[in-house]
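First the structure, in the form of structure tokens, and then the observations on it.
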Amino acid sequence: MPEIPRLPRLKPSTVISKEKREKLDAILGPLTLTNEILTRIMAAFREQMLLASSTDENARKKSDHLMMNTFIRELLDGTEQGDYLGLDLGGTNFRVVLVRFKDGVAETTTQYYSLTDECLSGPAAGLFDFIADSIEDFVHKQGLANSEKTIPLGFTFSFPSTQLALNKQVLLTWTKTFKCPDGVGEDPVAMLEAAIKRRTKDLPVDVVVVMSDTVSTLMAGNYLDKKCRVGLILGTGCNAAFVENISDIEKWTGDDKDPRHVIVNVELGSTGDGGCLDFCRSEYEKEVDKFSNHPGSFTFEKSFAGMYLGELVRLVLVRLIRDGILFGGQGGKLVDARWKFTTTDVTNIESDVGDSTNNTRGVLKKFELDSIATDEDIAIVREVTEFMSVRGAYIVASVMSVLVNYVRLPEVTIGIDGSLYEKHPKFHDAMMEIFEKYSPNTKVNLILAKDGSGQGAAFAAVSALKQAAKGIRCS
């Protein structure tokens, strides 16, 4: 399992003058997350969860969350056997995965396929035809084309959808680079099955489950650690899924057979869209939202996610420049570089250890500031970058703490996929500080489930077969 690099926090720099320290503190002070603010964030998040789980449709409409039942109830137990396929569709490169289980140990083979511009912008049938052709190609290469047994396939479909059954969704909208003129309102599983029937001859594949990438990440985490009960995407955007007790779901309409839990897809990136987090949104978060591609939506993500963290740091630095605190009031290209200061720049700066400033100076060089930056300027840039990074980690960890507390187990592992968590050297430890304080009765572990959405889809296919064998209701 890949290790997350960890670095100690910065010590207050002695090269920052008393006058500038006071001015810096005056700007960062209002952004500080006190215990009261974090507690209110957690309470607001909890309230959105309760609204979304209500039997009252009007109450559910008031929630920023979906709290979507995935119908996946069985987790891995180490006894799995046989072959399973996983399909992961969410970007221009999608992957097909073969997982071969022997006594609970998975051997995984993965192949990537690139979608053409025609697939991305043409009719949905053309997209799914290409996917069906790719599955057939992969199955042939793995020597499974003549399999006497039908191979169960799990489908990670990373687009906003409504889940209706274990293997049935309704697509709400295409996102990212996908611009198909149709498909919205359709079931992606039905579209895939129709394409397989059109394009292949007797392909021994059965699509048994469909899910979001967050859910498949949870399944991948559960393979790595059987105590994994929460899946978190922490990259360009953010979402979470967790294993919720059926007794806690007011709107539950399924059976009460064992296991008496189900994976719930929270869809938490939109927390705050209805105003529940206005009390803690800073002027910088509001400006990020104003100039984003989706103003007024995905409010929660805009406090920390990889698409926005770099811009948040830049906005604070610009404020310091305009107040004459940084670079002698000279902004170089930074002041006008909206969205050009990236989260990669943030992680590079945060990767400077001790007195080393090479990475920080390298980032400033992009904006023609390296030649005028004093040691004091460098110290301020590093401090602001760390402050905003840790602030973001605290925010996302506080709501993860709510999910951990809902699970109500003595030990809970969170499986995480995403470049922000993987590459930022301080996010892990900053998040752990929050769990230690706000989930004191649970030992929380964070693990990297890198690229888990392909393998996790195949793992979910295992769950689907287990549930079918037990007669567990899946719709």
- Taking the stated definitions as given, is Leu192 buried (at least 21 other Cβ atoms within 10 Å of the Cβ) and either within 24 Å of the chain's Cα centre (by Cα) or not in a helix (DSSP H, G or I) (or both)? no
Only one of Val139, Val170 is of a type outside the set (D, E, K, R), farther than 30 Å from Phe101 by Cβ and touching a residue at least 12 places away in the same chain (Cβ under 8 Å), namely Val170
Query raised in the report: Do the conditions hold for Thr116, that is, is it surrounded by fewer than 22 Cβ atoms within 10 Å (Cβ to Cβ), under 22 Å from Asp133 (Cβ atoms) and touching a residue at least 12 places away in the same chain (Cβ under 8 Å)?
Result: yes
Filter the range 297-346 for residues that are in contact with an Asp or Glu (Cβ under 7 Å, 6 or more places away or on another chain), small (Gly, Ala, Ser) and assigned to a loop (DSSP other than H, G, I, E, B); the one that is nearest to Gly237 (Cα to Cα) is Ser297
Expected single match for closer than 24 Å to Val230 by Cα and not small (Gly, Ala, Ser) among Glu80, Glu19 is Glu80
Picking from Arg21, Arg60, Arg73, the residue that is among the charged types (D, E, K, R), without any contact (Cβ under 8 Å) to a residue 60 or more places away in the chain and surrounded by 15 or more Cβ atoms within 10 Å (Cβ to Cβ) would be Arg21
Looking across the range 265-288 at residues that are touching a Ser or Thr at 6+ places or on another chain (Cβ under 7 Å) and not in a loop (DSSP other than H, G, I, E, B), the single one that is surrounded by the most Cβ atoms within 10 Å (Cβ to Cβ) is Asn265
Within the range 345-360, restricting to residues that are surrounded by 18 or more Cβ atoms within 10 Å (Cβ to Cβ) and of a type in the set (D, E, K, R), the one that is farthest from Tyr284 (Cα to Cα) is Asp352
Ala26 passes all but one of the listed conditions (1) aliphatic (A, V, I, L, M); (2) in a loop (DSSP other than H, G, I, E, B); (3) over 18 Å from Gly269 (Cα atoms); the exception is number (2)
So is Ser212 hydroxyl-bearing (Ser, Thr, Tyr) and either in contact with a Ser or Thr (Cβ under 6 Å, 6 or more places away or on another chain) or modelled with pLDDT of 95 or more (or both) or not? yes
Counted residues in the range 295-305 being farther than 22 Å from Leu51 by Cβ, surrounded by fewer than 19 Cβ atoms within 10 Å (Cβ to Cβ) and under 19 Å from the mean Cα position of the chain (by Cα) come to 0
Legend entry - Residue within the range 263-272 that is under 22 Å from Met49 (Cα atoms), free of Cβ contacts under 8 Å to residues at least 60 places away in the same chain, touching an Asp or Glu at 6+ places or on another chain (Cβ under 8 Å) and not basic (Lys, Arg) present: yes
Here the residues within the range 166-189 that are assigned to a loop (DSSP other than H, G, I, E, B), under 13 Å from Leu127 (Cα atoms) and either of a type outside the set (Lys, Arg) or in contact with a strand residue (DSSP E or B) (Cβ under 7 Å, 6 or more places away or on another chain) (or both) are Trp174, Thr177, Phe178, Cys180, Pro181, Asp182, Gly183
Restricting the range 428-451 to residues that are buried (at least 22 other Cβ atoms within 10 Å of the Cβ) and within 14 Å of the chain's Cα centre (by Cα), the one farthest from Val404 (Cα to Cα) turns out to be Ala449
Scanning the range 347-369 for residues that are in contact (Cβ under 8 Å) with a residue 60 or more places away in the chain and in a loop (DSSP other than H, G, I, E, B) gives Ser351, Val353
Checking Ala393, Ala397, Ala379 in turn, the sole residue that is aliphatic (A, V, I, L, M), buried (at least 17 other Cβ atoms within 10 Å of the Cβ) and under 18 Å from Leu326 (Cβ atoms) turns out to be Ala379
*Being among the acidic types (Asp, Glu), touching a Lys or Arg at 6+ places or on another chain (Cβ under 9 Å), at pLDDT 95 or above and within 22 Å of Ile263 (Cβ to Cβ), is that true of even one residue in the range 45-65?*
no
The helices (runs of 4 or more DSSP H) lying entirely within the range 406-471 that contain at least 2 residues which are within 17 Å of Phe155 (Cα to Cα), touching a strand residue (DSSP E or B) at 6+ places or on another chain (Cβ under 9 Å) and among the polar types (S, T, N, Q) are 452-470
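The values are calculated or read from the model by the stated rules, or taken from the named source; none is laboratory data. All values derive from a computational prediction rather than experimental measurement. Positions of Cβ are backbone-derived with ideal geometry, glycine not excepted, and every protein chain shown enters the neighbour counts.
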